[in-house]
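Undergrad: Structure in structure tokens, see below.
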Amino acid sequence: MTQEGCGFCELARQILQRLSTEFPLSISVLDLDSAAGHALAERGGILFPPGIFVDGEPFSYGRPSERRLRQELGRRLRGRGVGQ
């Protein structure tokens, strides 16, 4: 989830773009100011952008950590037997 003028949102986009070369990602961008964005933020406990969901579950909000996201994606893939 993103918001206009959000510097961390741009950082999140760059991180996700890099990780998409390593992991099979499907990335959807939703504006936090939209009705759907508000509903998703409330459901996921996202306090401010960017909000990152993995497999439909809230993962993080605010300044994104590439290391944490890479570890989480790897853990989930290993759990599915991918890349073993």
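The values are calculated or read from the model by the stated rules, or taken from the named source; none is laboratory data. This one's a predicted model, so the numbers in the text were calculated from it and none came from an experiment. In this analysis, Cβ positions are derived from the backbone assuming ideal geometry, glycine residues included, and neighbour counts consider all displayed protein chains. Heads up: the accessible areas ignore ligands, DNA and RNA and are worked out on the full protein's heavy atoms, side chains in. Shrake-Rupley method; radii C 1.70, N 1.55, O 1.52, S 1.80 Å.
Undergrad: What is the distance, in nm, between label points placed 7 Å from the Cα along the Cα-to-Cβ direction at Asp33 and at Asp55?
TA: In this crude spin-label approximation the distance works out to 3.4 nm.
Undergrad: Top mean-square fluctuation among Pro49, Pro64, Pro24, Gaussian network model of the chain, C-alpha springs under 10 Å?
TA: Result: Pro24 has the largest fluctuation of those listed.
Undergrad: Looking at the chain as a GNM with Cα springs under 10 Å, which of Arg13, Arg70, Arg43 has the largest mean-square fluctuation?
TA: Maximum fluctuation in the GNM of the chain, among the listed residues, is at Arg43.
Undergrad: Name the residues whose placed amide hydrogens come within less than 5 Å of the amide hydrogen of Asp31, ignoring near sequence neighbours (fewer than 5 apart) on the same chain.
TA: Here Thr2 satisfy the definition.
Undergrad: Taking amide H atoms as placed 1.01 Å from N in the peptide plane, list the residues 5 or more away in sequence, or in a different chain, whose amide H sits under 5 Å from that of Phe53.
TA: Under 5 Å from the amide H of Phe53 lie the amide H atoms of Phe59, each far enough along the sequence or on another chain.
Undergrad: With every protein chain kept in the model, how would you rank Arg63, Arg18 by accessible area, 1.4 Å probe, largest at the top?
TA: Greatest to least solvent exposure: Arg63, Arg18.
Undergrad: Let me ask something else about it. With a probe of 1.4 Å, find how much accessible area the chain has per residue, and write the answer as a whole number in Å².
TA: Each residue of the chain exposes 65 Å² on average to a 1.4 Å probe.
Undergrad: Based on the Cα gyration tensor of the stretch 1-62, what are the three equivalent ellipsoid semi-axes, each the root of five times an eigenvalue, rounded to whole Å and given largest first?
TA: So the equivalent ellipsoid measures 19, 13, 9 Å along its semi-axes.
Undergrad: Here's something else I'd like to know. How large is ³J(HN,Hα), in whole Hz, for each residue of the stretch 48-53 in order, when computed from phi with the Karplus curve 6.51 cos²θ - 1.76 cosθ + 1.60 and θ = phi - 60°, using x for Gly and Pro?
TA: 3J(HN,Hα) across the stretch 48-53, in whole Hz: 7, x, x, x, 10, 10.
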